[in-house]
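A.B. asks: Let me give you the structure first, and then I'll get to my questions.
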Amino acid sequence: MTLLDRLQSPADLRTMSAAERTQLAQEIRDFLISTCSVTGGHIGAGLGVVELTIALHTAFETPRDQLVWDVGHQGYPHKVLTGRKDQMHTLRQEGGISGFLKRTESPYDTFGAGHAATSISAALGMAAGRDLRGEDFKVVAIIGDGSLGSGLAYEALNNAGAMDRDFIVVLNDNEMSIAPNVGAMHKYLTSVQRNPIYNRLRSAIGDWADHATGVFKDAGTLVRRWEESVKAFLTPGVLFEELGFRYFGPIDGHDIGQMVETFEAMKGFNGPRLVHVITQKGRGFPAGEHGEKWHALPPGHDPATGKLLKAATGNPNYTAVFGTALAELMTAHPQVAAITAAMPSGTGIGTVAKAHPTRTFDVGIAEGHAVTFAAGLATQGAKPVVAIYSTFLQRGYDNIVHDVAIQSLPVVFAMDRAGLVGEDGETHAGLYDIAYMLAVPHMTVTAPKDGAELVGLLKTAIAHEAGPFCVRYPRDVAPDLVPAAAEVRAVPPASWEVLRRGERVAVLAVGTMVREAMRAAERLAADGLEVTVVNCRYLKPYDEATLASLVASHEQIVVVEEGTVINGFGAFMASVIAALAPDVRVHTLGVPDRIVYAASRTRQLAQCGIDADGIARAVRAAAESGALAG
């Protein structure tokens with residue numbers, strides 16, 4: 001039986017020898033590589049923090065002492081050590097364990113997180129709550145260096161230094177977020193790792209000062225103070241110490257003994273302190289250097305190479321369609337610039353960067369900054385295209401309103417992963433962008449039915465000058481083969497497309513729901529019920545002429561969207577139609593007012609009643625009784 005098989009809880013770590021902990025680290029790494037080759041998942045970050053996770057659970061009395069992990073990508077070894085090893089085969093599956101941290105899953109998951117840079121803020125709040133209750137446990141935030149590109153991290157550091165609470169921040173410095181880190185903070189942190197003069201000098205001074213005797217003993221204290229002054233010039237610690245933190249490090253994030261010793265010492269101090277550890281993301285992956293592509297891997301890959309065991313043969317996904325088209329369009333339109341927030345490959349901007357490096361900007365994990373940076377570009381005659389996942393763009397909403405919309409600047413928002421996202425689960429679902437973008441003045445809101453229409457809308461967006469323009473598209477394979485961008489026509493503004501004509505009931509379908517609505521219409525036709533299906537590719541401004549024609553010739557309108565029912569397109573259309581034709585009944589189909597948990601995207605659509613079967617049931621009920629089936 002292996003050490004990993006014998007381990008029941010983190011308490012067992014505290015009875016192990018140093019050699020056993022080192023062996024356990026290798027067993028965990030092997031287990032994660034094997035498991036994730038079947039389930040898929042964000043393996044890179046987890047492989048980098050195996051030793052760090054062991055050290056934290058050894059030095060601190062978890063779950064009484066509370067570990068607050070940033071993002072959740074780092075959390076796989078933590079899950080294995082906290083009683084979930086035998087559930088890891090269900091990772092990111094329906095009914096299985098989450099790919100992120102989740103408070104309802106384990107008492108060791110003290111704070112849920114799927115977005116970056118939440119850990120310091122949350123840990124500080126937890127420390128304040130502890131103090132209000134008169135308790136004395138430790139709180140430790142573990143934040144990746146990539147998350148230090150997010151403004152939220154600095155807001156928390158600033159507040160923590162002033163508040164002077166007893167808590168610890170562990171900075172996991174691996175030079176990566178998803179793509180290699182960018183920005184001044186990255187350069188600042190890595191400078192110390194490449195400064196051998198400082199490392200040799202500090203070691204020599206420390207040995208002499210600690211062992212000085214006789215008349216040199218007092219001098220040793222002075223030398224220590226001088227050494228701390230030198231550190232201010234040669235290490236990143238000065239920034240954190242100026243913010244009110246006591247800085248320790250950098251230390252080797254793969255040396256369990258050194259980390260345990262350091263964390264044990266930290267427990268004897270009070271006030272905010274920061275431990276800087278150096279790790280390697282993707283450490284131990286058999287294919288060698290991690291690189292950006294090892295950040296997350298799909299199910300069914302070869303653990304030795306990271307390659308899919310069964311090659312994909314279908315159409316490209318929407319992300320690839322977008323990236324290829326934007327790269328082509330930027331050749332024809334020299335004023336266009338592309339912006340990503342630390343996700344060049346995830347958003348398709350990596351393709352753009354290769355073709356147009358001087359007009360492509362990666363701003364790091366800083367979505368709000370990305371939006372305002374784009375607004376600044378737009379004031380100078382540029383046409384910025386900001387490619388950000390729908391769920392992450394929520395973090396820049398104030399910037400969208402304040403910096404773009406109020407000034408009516410022509411910024412294009414390409415919202416990838418809009419709608420349900422399958423195995424990535426609830427933290428990554430892009431369900432709210434229809435509701436939040438419809439509320440923004442001057443915003444054009446669109447959703448393509450397929451890849452070619454995505455390209456056509458992108459062409460229209462680039463030509464659009466009357467304020468911001470957004471395009472939402474899913475985490476899915478495009479249902480069509482897309483020609484070169486030059487061969488695709490721009491989509492006329494504020495235009496809908498009637499794809500099928502019927503009687504009594506008209507289905508207004510948005511984006512991904514067009515295909516499902518057409519399938520539903522075919523099934524209904526087989527039963528003798530012919531319905532109208534409309535591709536509502538423009539949600540705002542909508543096609544007033546087509547809508548007026550529909551309400552004049554139909555008794556029932558069913559609106560279908562892959563977004564929230566509350567405050568969504570259906571709610572918008574209901575208010576418009578009530579004014580136009582009060583006798584026409586409007587029914588809305590979309591994602592209900594609840595959290596949708598991880599499952600395949602197909603299953604999620606069915607659970608929400610917005611696949612072809614669900615739409616057919618709803619339309620049939622509307623036609624037969626004038627009310628939607630519950």
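A.B. asks: Hey, if you drop one equal point scatterer on each alpha-carbon of region 318-487 and run the Debye formula without solvent, what base-10 log of I(q)/I(0) do you get at q = 0.11, 0.17, 0.19, 0.20 Å⁻¹?
C.D. replies: Calculated log10 I(q)/I(0) at the listed q: -0.37, -0.97, -1.25, -1.42.
A.B. asks: If contacts are Cα pairs under 8 angstrom and at least 6 residues apart, what is the relative contact order of the chain in percent?
C.D. replies: Once divided by the residue count of the chain, the mean separation gives 11 percent.
A.B. asks: For every helix of n ≥ 4 consecutive DSSP H residues, a contribution of -39,500 (n - 2.57) applies; sum these over the chain, divide by its total residues, and give [θ] at 222 nm rounded to the nearest 500 deg cm²/dmol.
C.D. replies: Numbers: 24 runs with 254 residues, N = 630.
Taking each H run of at least 4 residues, the total per residue is -12000 deg cm²/dmol.
A.B. asks: Which order, highest average first, do 487-497, 112-122, 537-547 follow once you tally other Cβ atoms within 10 Å for each residue and take the mean per peptide?
C.D. replies: Most protected by this proxy first, the peptides run 112-122, 537-547, 487-497.
A.B. asks: Can you give me the P(r) profile for the chain? Cα pairs, bins 10 angstrom wide beginning at 0, each as a whole percent.
C.D. replies: 3, 15, 23, 23, 17, 11, 5, 2, 1, 0, 0
A.B. asks: Using only Cα positions of region 519-576, each an equal point scatterer, no hydration layer, compute I(q)/I(0) via Debye at q = 0.16, 0.24, 0.26, 0.28 Å⁻¹ and quote the log10 values to two decimals.
C.D. replies: -0.58, -1.13, -1.22, -1.29
A.B. asks: Using 7 Å Cα-to-Cβ label points, what is the residue 465/residue 242 separation (nm, one decimal)?
C.D. replies: 4.4 nm
A.B. asks: Now, a different point. Counting only Cα atoms, I'd like the Rg/Rh figure for region 472-544, Kirkwood definition for Rh.
C.D. replies: 1.01
A.B. asks: Within 10 Å, count the other beta carbons around each residue, average over each peptide in 525-536, 86-97, 358-369, and list them highest first.
C.D. replies: Descending mean neighbour count gives 358-369, 525-536, 86-97.
A.B. asks: Taking a threshold of 28 Å on the Cα-Cα distance, which of the pairs 281/354; 354/540; 85/281 fall above it?
C.D. replies: Flagged as over cut-off: 354/540.
Read the figures in this text as sums done on the coordinates, not as results from a lab. Treat the numbers as computed from the prediction; the structure is a model and nothing was measured. Neighbour counts are summed over all protein chains in view; Cβ atoms, including those assigned to glycine, are modelled from backbone coordinates with ideal geometry.
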